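See below for the structure under consideration.
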Amino acid sequence: MYRIVTKKILNPTVTLMEIEAPMVARKAQPGQFIILRVDEDGERIPLTIAGYDREKGTVTIIFQVVGATTAKLNHKAEGEAIQDFVGPLGNATHTEGLKKVAVVGGGVGCAIALPVAQKLHAQGCEVHSIVGFRTRDLVILEDEFRACSHQMKLMTDDGSYGEKGLVTNALEALIQAGNRYDQVIAIGPLIMMKFTVQTALKYGLKTVVSMNPIMVDGTGMCGGCRLTVGGKTRFACVDGPEFDGALVDFDETMSRGSVYQPFERHAYEETCNLFQKEVR
């Protein structure tokens with residue numbers, strides 16, 4: 001069992017948890033993920049590592065409540081425990097040799113982008129962070145990004161906080177201002193990553209994207225996270241989760257991802273109904 005050391009509500013749908021998992025914390029790196037089960041009857045889900053403290057022996061995860069398992073996990077309180085917490089899995093983000101990088105995060109994807117930005121900053125890299133949200137109420141990790149960024153742009157779709165516009169608007173403005181990046185790193189919704197890649201390509205810049213949003217099983221056995229990269233079939237959980245964005249077939253990936261939505265919605269509604277019965 002793995003104890004929940006800290007639980008913090010970041011916004012109405014996103015929660016941070018710090019989990020006591022010394023062996024995972026010892027080896028964890030930005031870009032990698034874990035697999036957890038809430039209880040012995042629960043499904044296994046992959047969540048990307050949002051932080052770690054090797055001295056305390058803890059690993060931080062940040063998740064959005066979108067399905068049955070994340071709903072169950074969100075009902076856990078500090079001091080309680082979850083059944084399984086396995087990792088670290090996947091390949092760590094490549095940061096060696098980078099001198100100037102634009103880190104682009106969208107929505108809950110910012111939780112994954114943050115440790116990458118922090119590691120780059122610690123290595124002496126010049127980090128320009130661009131984070132985007134639909135509205136002010138959904139903003140997370142603002143202070144943490146400012147602490148590890150030489151420049152930071154915070155964008156909201158409706159202009160309720162920061163600058164109004166998309167992350168691609170901010171990226172293009174920074175490039176046009178004379179910034180030349182060794183690499184762009186984009187983590188967020190598939191549609192956001194697709195257009196971030198296209199924006200960077202116009203200026204000859206490479207973009208690395210994280211395909212963690214499409215992972216299901218986390219071991220390569222289910223095939224749910226297969227995608228086409230450079231005309232070849234790859235698995236996000238085994239071969240990634242990070243890939244050269246210019247080689248990813250985003251349209252195919254988004255089309256396949258939509259297949260799971262009805263099932264996820266049904267499972268989520270069933271779980272919510274169970275919790276309501278318990279309260280009564």
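The values are calculated or read from the model by the stated rules, or taken from the named source; none is laboratory data. In this text the structure is predicted, and so the values were computed from the model without any measurement. Neighbour counts are summed over all protein chains in view; Cβ atoms, including those assigned to glycine, are modelled from backbone coordinates with ideal geometry.
All but one of (1) at pLDDT below 95; (2) touching a strand residue (DSSP E or B) at 6+ places or on another chain (Cβ under 7 Å) hold for A25; which doesn't?
With (1) at pLDDT below 95; (2) touching a strand residue (DSSP E or B) at 6+ places or on another chain (Cβ under 7 Å) applied to A25, the lone miss is (1).
Just checking, does the range 2-14 include any residue being in contact with an Asp or Glu (Cβ under 9 Å, 6 or more places away or on another chain) and without any contact (Cβ under 8 Å) to a residue 24 or more places away in the chain? Step through it out loud before you land on a result.
Of the residues in the range 2-14, the ones in contact with an Asp or Glu (Cβ under 9 Å, 6 or more places away or on another chain) are 2-8, 11-12.
From what is left, the residues that are without any contact (Cβ under 8 Å) to a residue 24 or more places away in the chain are 8.
Taking every residue of the range 2-14 in turn, at least one turns out to be in contact with an Asp or Glu (Cβ under 9 Å, 6 or more places away or on another chain) and without any contact (Cβ under 8 Å) to a residue 24 or more places away in the chain.
For T58, are the conditions met, namely being touching a residue at least 60 places away in the same chain (Cβ under 8 Å) and hydroxyl-bearing (S, T, Y)?
Details: touching a residue at least 60 places away in the same chain (Cβ under 8 Å): no; hydroxyl-bearing (S, T, Y): yes.
No: the conditions fail for T58.
Residues T168, T93: which one is closer than 22 Å to T199 by Cα, modelled with pLDDT under 95 and within 20 Å of the chain's Cα centre (by Cα)? Before the answer, list the steps.
Working: T168 fails: modelled with pLDDT under 95.
Unique residue meeting the criteria: T93.
Given the conditions (1) surrounded by 22 or more Cβ atoms within 10 Å (Cβ to Cβ); (2) modelled with pLDDT of 95 or more, and given that G188 satisfies all but one, which numbered condition is not satisfied?
Of the numbered conditions (1) surrounded by 22 or more Cβ atoms within 10 Å (Cβ to Cβ); (2) modelled with pLDDT of 95 or more, the odd one out for G188 is (2).
Any residue in the range 170-185 that is in the same structural domain as T199 (by TED's automatic domain parsing), touching a residue at least 60 places away in the same chain (Cβ under 8 Å), loosely packed, with under 14 Cβ neighbours inside 10 Å and out of contact with any Asp or Glu (no Cβ under 7 Å at 6 or more places or on another chain)?
Yes: one or more hits.
T199 is checked against (1) modelled with pLDDT of 90 or more; (2) out of contact with any Ser or Thr (no Cβ under 6 Å at 6 or more places or on another chain); (3) assigned to a helix (DSSP H, G or I) and fails just one. What number does that condition carry?
Here T199 meets the rest and fails (2).
Suppose we keep only residues that are in a strand (DSSP E or B) and of a type in the set (V, I, T) within the range 1-26. Which one would you say is surrounded by the fewest Cβ atoms within 10 Å (Cβ to Cβ)? Give the steps one after another, and end with the answer.
Start the filter on the range 1-26 by keeping residues that are in a strand (DSSP E or B), which leaves 2-11, 14-20.
From what's left, of a type in the set (V, I, T): 4-6, 9, 14-15, 19.
Details: I4: 18, V5: 18, T6: 12, I9: 10, V14: 21, T15: 19, I19: 24.
Across the range 1-26, the extreme among qualifying residues is I9.
Can you name the residue in the range 87-118 that is more than 15 Å from G51 (Cα to Cα) and among the hydrophobic types (A, V, I, L, M, F, W, C) and, of all such residues, is surrounded by the fewest Cβ atoms within 10 Å (Cβ to Cβ)?
Only one residue tops the list, namely L98.
Restricting to the range 27-74, and then to whatever is part of a strand (DSSP E or B) and among the small types (G, A, S), can you tell me which residue is surrounded by the fewest Cβ atoms within 10 Å (Cβ to Cβ)? Can you show your working first?
Step one: of the range 27-74, the residues part of a strand (DSSP E or B) are 33-37, 45-53, 58-64.
Still in the list and also among the small types (G, A, S): 50-51.
Numbers: A50: 24, G51: 19.
The selected residue is G51.
Can you say whether K153 is among the charged types (D, E, K, R), crowded, with 19+ Cβ neighbours inside 10 Å and outside the structural domain of G204 (by TED's automatic domain parsing), as far as the supplied structure shows?
On the way: among the charged types (D, E, K, R): yes; crowded, with 19+ Cβ neighbours inside 10 Å: yes; outside the structural domain of G204 (by TED's automatic domain parsing): no.
Taking the combined requirement at face value, the residue does not satisfy it.
Identify, please: which residue in the range 61-82 is touching a Leu at 6+ places or on another chain (Cβ under 8 Å) and touching a residue at least 60 places away in the same chain (Cβ under 8 Å) and is, among those, farthest from K119 (Cα to Cα)?
The extreme case among them is I82.
Here is a list: V59, V116, V104. Which entry is touching a helix residue (DSSP H, G or I) at 6+ places or on another chain (Cβ under 9 Å), within 20 Å of A200 (Cβ to Cβ) and either at pLDDT 95 or above or not assigned by TED's automatic domain parsing to the domain that holds I9 (or both)?
Every option except V104 fails the conditions.
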